[in-house]
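Data block below; observations after.
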Amino acid sequence: MADVGADIGYVPPAEVEEMELYHAHSFITKYVFSQDAKVIAIQYSLTAIAIGLVGLVLSWMMRLQLGFPESFDFIDPADYYQFITMHGMIMVVYLLTALFLGGFGNYLIPLMVGARDMVFPYVNMVSYWVFLIAVLVLLASFFVPGGPTGAGWTLYPPQAILSGTPGSGGGIVLMLISLSLFIVGFTMGGLNYVTTVLQARTRGLTLMRMPLSIWGIFTATVLALLAFPALLVGSIMMTLDSLLGTSFFMPAIVEQGELLKHDGGSPILFQHLFWFFGHPEVYIVALPAFGIVSDLLSVHARRHIFGYRMMVWAIVIIGALSFIVWAHHMYVSGMNPYFGFFFATTTLIIAIPTALKVYNWTLTLWKANIQLTVPMLFALAFIVTFVNGGITGLFLGNVVVDIPLSDTMFVVAHFHMVMGVAPLLVIFGAIYHWYPLMTGRMWHKGMGLFHFWVTFIGAYTIFLPIHYLGFLGVPRRYFEMGETTFIPESAQTLNAFITVVVLFVGFAQLVFFYNMIRSMTKGEKSERNPWKAASLEWQTPEVPPGHGNFGPDLPLVYRWAYDYGVPGVKDDFVPQNVHPDQVVKA
Amino acid sequence: MNILQELRQKPWMADQAVLDNAHDGTAYVLAKPKLGLRVLLISITVVLSLFVIAYSDRMFVSDWHPLPEPWMLWLNTAVLIFSSVAMQRGVNAARERQIAAVKTNMLAAGGFAFAFLFGQSMVWQQLIALGFFAAANPANAFFYLLTAVHGVHLLGGLVAWVRVVKRFKQAPDTVRLRESMELCATYWHYLLIVWLVFFILLLFT
């Protein structure tokens, strides 16, 4: 660590280039069609959370069926498949991706890099509105004849557009249109995130002085800009197969005794396109989570992040490797064994930089002054959960283990731990952490602790037994098991237990929302920098940050974002923008 | 920016801090809109490359029957080249502050682009009249798909072109206008290259 009090070669700064800032003059342009990244962030977040709640309710419906089969007349097999499909797509794309990149990306990037706003504010605004339209189109599919698609979140052809599949008419078309709109909207946002990070940092903020949150969001955005095109291409071609009768993905096929007009299309090609998007998508969600959790740990443990450079390298290497592992999702589709070997090997290699991050998080905590705040608890819970989910990923990365487990509940448990629970823990932690900055108020700590423990213990109570069900051979995607000789009756009892816990944990989230809304007006007023964080977003002249973020002068950066636990310094930390001569000694 | 060099920096070290404090916060000596456009073009290139890969994958199946290339495609190609040339001449004129030439070339670039799109729609009509429907054969489907994807991107470019023309009417001699024209020209040349790749692919397969 640098001796922050010493002369570190202060260079008198040249004038920081000012951006042309759009100033809103009416309520509509300030809060509705806003070009301010902070407002856009909140719009993205609220929309993503709203659609995420729809996804949550859909999961309850599924669990009701699995826990208590033949008990609910309003759930038939078609409904069940529609719930599965919409739950999966909503959670992965419309909640997690939108919240991490559109929500946290918009809020944190300009503030953390010392910019007044995103570099293309108008395009940024359009990005949100296209996202909103995408969400509305997706919701519209619930109301068309046949309902939403029930093809599974992977939307595999040919079954996705065959008449036996629920929602094979309007439902699948609206899903594909919605995804295409989402990608167009995201691309507009992504251009902003990348260009702002590369070209609009304040003076002194080199790439290697950026907080890891920004590294995570930046790398995930690059991944998304390169991976989402594959989903767009697949969506466009499948829309044409569905509407115009082309045969991009549709082979010659007999449906209900009738030979369809399709011929020669390749369903496997769609799978490759889908997973070329789908696997990087895991890291599009995970990398921002990695970055944010690094910052939460460092701030709340009052210790600089261990191995900063390695953490950055790991983010970049994981991002690069994520493009050469996609076919491990397709082992059961069949492939040349050498390809299987290749994809299994690359999948295992990706565990190395990932494990490195886990070690570094753990070493950051070593001899640290750990503050067990609510954000910190969520961050710690993330580490444990990510290790759990990651280790089962190593099982499934191996061809010989994946094939027998692939269609069982084990896979459901694995990806929910690694891609559902783990990122959500970070999201909760991040919201608790940055809420005082966004509102100027603190949460009610008791309710926050209740929310944490119920969510953390609840998630394990739900998903550990699902691993066990998978080992028993309980298949996934089944409406009901019926009488299956190799599955003991106790499996059904366990399913019922899991459903009860799911409902309890789901409803317990109301405490989180109540706390959020209540704290806006009744929460204790927050200090300007309640967590004593060193990064720039907490150094704004007003809280919440005003339009343009930083008052008349942009901040000048003199150090990285991790000067915590600094000996001989008042408050044990030094913000990034404090001049070396102005560091207050203890 | 040399990313490998950047990634080797140790931001916590005092000697690195000397260099870092003087850093102006930009990664490239490049205007932000130009970098934004380049990022966009990379993303579009991935989209288009995946279409080409899908095309290459599908064309080897035995039911692939290439459709005839109407002579009008050659004419349309020439029109698109004219459009790109006019756009570049417009940029050159803006750099030399020749307002009249800027106007002529900008209008010509847009006019040729519209003519190209009109010509492509004529090709579609001809082929449909001859019975080459999208669903009839994968080669037909890919022809319509690739030409449509290219056309949609050009339409997007024309939206930007309209904004530049409006800006020209408001203030014909500004740095901002010249920068916008340069962005338009980059996009135009890019779409010309894309069309030439698609056209060669369609001609030889």
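Each value in this text was obtained by applying a stated rule to the coordinates, not by laboratory testing. What you see is a predicted model, and the numbers here were worked out from it, not measured in a lab. All Cβ positions, even for glycine, are placed from backbone atoms using ideal geometry, and neighbour counts span all protein chains on display.
Tally Lys/Arg at +1 and Asp/Glu at -1 over every other residue whose Cβ is under 12 Å from the Cβ of A:G216; what's the total? Each step should come with its number before you reach the end.
Values: positive: A:K357; negative: A:D295.
Combined, the nearby Lys, Arg, Asp and Glu give 0.
In whole percent, what relative contact order does the stretch A:189-306 give with Cα contacts below 8 Å and a gap of six or more residues? Please list the in-between numbers first.
Numbers: 125 pairs, mean separation 38.2, N = 118.
Result for the stretch A:189-306 is 32 percent.
Take the Cα pairs of the stretch A:348-503, get the Kirkwood Rh, then feed it into Stokes-Einstein at 20 °C and 1.002 mPa s and tell me D in µm²/s.
Rounded, D is 123 µm²/s.
In the stretch B:24-38, which residues have a backbone nitrogen under 16 Å from the label point lying 7 Å from B:R167's Cα in the Cα-to-Cβ direction?
B:31-38
Over the whole of A:193-200, what's the average partner chain Cβ count within 10 Å per residue? Rounded to a whole number, please. Don't skip to the end; give the middle numbers.
Details: counts 1, 7, 12, 2, 1, 10, 12, 3.
The mean count of partner-chain Cβ atoms within 10 Å per residue comes to 6.
Could you tell me which residue out of A:Y558, A:F471, A:L231 lies farthest along the dipole of chain A toward its positive end? Charges go on the beta carbon: Lys and Arg +1, Asp and Glu -1, centred on the Cα centre.
Of the listed residues, the answer is A:Y558.
Across all directions of projection, what mean area in square nanometres is found for the Cα convex hull of chain B?
Result: 15.6 nm².
Taking Cα atoms, how many degrees apart are the long axis of helix B:138-170 and the longest axis of chain B, rounded to 10 and kept between 0 and 90?
Between the helix axis and the principal axis of chain B, the angle is about 50 degrees.
Throw me the Rg/Rh for the stretch B:1-79, computed over C-alpha atoms with Kirkwood Rh, two decimals. If you can, show how the numbers build up before the last one.
Values: Rg = 23.6 Å, Rh = 18.1 Å.
Rg/Rh for the stretch B:1-79 comes to 1.31.
Could you work out, residue by residue across B:133-141, how many beta carbons of other chains sit within 10 Å of that residue's beta carbon, and then give the average as an integer? Mind dumping the intermediate values first?
Values: counts 3, 6, 10, 4, 4, 7, 0, 1, 9.
Going residue by residue through B:133-141 and averaging, the value is 5.
How do A:70-77, A:185-192 rank on mean C-beta neighbours within 10 Å, highest first?
Numbers: A:70-77: 11.0, A:185-192: 25.2.
Packing order, densest peptide first, comes out as A:185-192, A:70-77.
Shielding of A:259-265 by partners, i.e. mean partner chain Cβ atoms within 10 Å per residue? List each step's numbers first, then the result.
Numbers: counts 0, 0, 2, 1, 5, 7, 4.
The mean count of partner-chain Cβ atoms within 10 Å per residue comes to 3.
So how far apart, in nm, are the two label points at A:Y359 and A:H23 if each is 7 Å from Cα heading toward Cβ?
Going by the 7 Å Cα→Cβ label model, 5.4 nm.
Compute the FRET efficiency between A:L46 and A:F74 as 1/(1 + (r/R0)^6), taking r as their Cβ-Cβ distance and R0 = 41 Å, and round to the nearest 0.05.
Efficiency for this residue pair is about 0.90.
Sort A:513-522, A:478-487, A:423-432, B:174-183 by packing, meaning the average of other beta carbons within 10 Å per residue, with the highest value first.
Numbers: A:513-522: 14.2, A:478-487: 11.4, A:423-432: 25.7, B:174-183: 16.7.
Ranking the peptides A:513-522, A:478-487, A:423-432, B:174-183 by packing returns A:423-432, B:174-183, A:513-522, A:478-487.
How large is the helix-only mean residue ellipticity at 222 nm for chain A, computed as the sum of -39500 (n - 2.57) over DSSP H runs with n ≥ 4, divided by its residue count, in deg cm²/dmol to the nearest 500? Mind showing how you got there, number by number?
Numbers: 16 runs with 328 residues, N = 586.
One gets -19500 deg cm²/dmol as the mean residue ellipticity at 222 nm.
When the chain is fully extended, how far beyond the present Cα-Cα distance does A:Y122 get from A:F323, taking 0.36 nm per residue of separation?
That pair, A:Y122 and A:F323, stretches by 69.2 nm at full extension.
Compute the signed sum of charges (Lys and Arg +1, Asp and Glu -1) over the other residues within less than 13 Å, Cβ to Cβ, of B:A136.
Values: positive: A:K261; negative: A:D263, B:D63.
Taking every other residue near B:A136 into account, the sum is -1.
Once both axes come from the Cα atoms, what is the angle between helix A:374-397 and the longest principal axis of chain A, in degrees from 0 to 90, rounded to 10?
Relative to chain A, helix A:374-397 is tipped by roughly 40 degrees.
Among the lysines, select those whose C-alpha is under 25 Å from the C-alpha of B:K34, and discard any that sit fewer than 8 residues away in the same chain.
A:K38, B:K103, B:K166, B:K169
Add +1 for every Lys or Arg and -1 for every Asp or Glu among the other residues with Cβ under 15 Å from the Cβ of A:H262, and state the total. Display every interim value, and only then the final one.
Values: positive: A:K261, B:R58; negative: A:D241, A:E255, A:E258, A:D263, B:D63.
Charge balance near A:H262 sits at -3.
Within the stretch B:43-77, whose backbone N sits under 14 Å from a point 7 Å along Cα→Cβ of A:D263?
Residues B:61-66 qualify, since their backbone N sits under 14 Å from the label point.
Kindly provide the pair-distance distribution of the protein assembly as shown built from C-alpha pairs, with 20 Å bins from 0 and whole-percent values in order of increasing distance.
15, 46, 32, 6, 0
Between A:Y338 and A:E489, take the C-beta separation as r, use R0 = 51 Å, and let me know the FRET efficiency to the nearest 0.05. All intermediate terms of the calculation are to be shown ahead of the outcome.
Working: r = 43 Å, r/R0 = 0.85.
FRET efficiency, A:Y338 to A:E489: 0.75.
Between A:I352 and A:E527, what is the spin-label point distance in nm, taking each point 7 Å from the Cα along the Cα→C-beta axis?
Result: 4.4 nm between the two label points.
Return the long-range amide H neighbours of A:Y564 (sequence gap of 5 or more, or a different chain), with a cut-off of under 5 Å between placed amide H atoms.
A:H304
So what are the radius of gyration and Dmax for the Cα set of the stretch A:20-150, in Å?
Cα-based Rg and Dmax for the stretch A:20-150 come out at 18.3, 62 Å.
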